[in-house]
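Written below as structure tokens is the structure these notes are about.
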Amino acid sequence: MKAILFDLDGTLVDTAPDLGYAANLVRIDQGMAPLPLDDYRTAASSGAQGLLRVALNLSSDDAAFPQHRDRFLAYYREHLARASRPFPGMDAVFASIAAMRAVWGVVTNKPSWLTDPLMAQLDLTRNAACVISADQVARAKPAPDSLLHACTLLSLTPADCIYVGDDLRDIEAARAAGMYSVAADWGYLGESGPIADWGADVVLSTPQQLAQWLADRGWQPA
């Protein structure tokens, strides 16, 4: 393998604390008490729609949704890296990738106006071979467009790449693109049903396990 591509939220970086913090600020605006941040974890990969469903019991069809969504996004942009950090063990993953003489990148459904500053604030941009956000392609995951765009930027084929994600749509996108897929059981997992049923090529429980899995195989560029 020549490249390991990661979903961002819930796979590479634990962003749930800051997403939940922003959602709680919206609750406070409405005179409501904040919820425990753990209440937001399973919704953290679902964007404003999922987080506001938890925070306000609000659906995207509600007339008030756009106002609350915009407020949530403004709060989140202001507090992007307040508590968000790469998941423990990611340093070992990066070391395994370097030992393979491979590269790594990010492919996310987050918009670039949030992805790029978050990556920069966490000092991840300089080592990433590519960073692809949903607004850079015609269709977001589970469509394969963003993964195929990463291949184009890296001058690689899908068979040269592994995609790691914590949601069913990540696995579906990898399958549609023709990439080897890794389901990240340490992530948010959402409401996609049992991870064993997603059809991933492999399910791994921790970043440390991913690092060891890569090291054990010793994949080298062709």
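The values are calculated or read from the model by the stated rules, or taken from the named source; none is laboratory data. Model, not experiment: these values are computed from the prediction. Here Cβ is always computed from backbone atoms with ideal geometry, including for glycine, and neighbour counts include all displayed protein chains. These accessible areas exclude ligands, DNA and RNA; they are computed on the full protein's heavy atoms, side chains included. Shrake-Rupley method; radii C 1.70, N 1.55, O 1.52, S 1.80 Å.
Structure above, values below:
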| read-out | value |
| --- | --- |
| In the stretch 1-31, the residues that are without any contact (Cβ under 8 Å) to a residue 12 or more places away in the chain and either of a type in the set (A, V, I, L, M) or part of a helix (DSSP H, G or I) (or both) | Ile28 |
| Of the criteria (1) part of a loop (DSSP other than H, G, I, E, B); (2) open to solvent by less than 10 Å² (accessible area, probe 1.4 Å), which one Leu51 fails | (1) |
| The listed residue being among the aromatic types (Phe, Trp, Tyr), at pLDDT below 95 and crowded, with 17+ Cβ neighbours inside 10 Å, out of Trp186, Trp104, Trp219 | Trp219 |
| Qualifying residue in the stretch 158-165 (condition: assigned to a loop (DSSP other than H, G, I, E, B) and either farther than 18 Å from Ala48 by Cα or not acidic (Asp, Glu) (or both)) | no |
| Subset of the stretch 116-169 (residues that are free of Cβ contacts under 8 Å to residues at least 40 places away in the same chain, acidic (Asp, Glu) and open to solvent by less than 40 Å² (accessible area, probe 1.4 Å)) | Asp145 |
| Contacts under 6 angstrom Cβ, first residue in the stretch 71-99 being in contact (Cβ under 8 Å) with a residue 12 or more places away in the chain, partner among the hydroxyl-bearing types (Ser, Thr, Tyr) and in a helix (DSSP H, G or I), 6 or more apart | His79/Tyr21 |
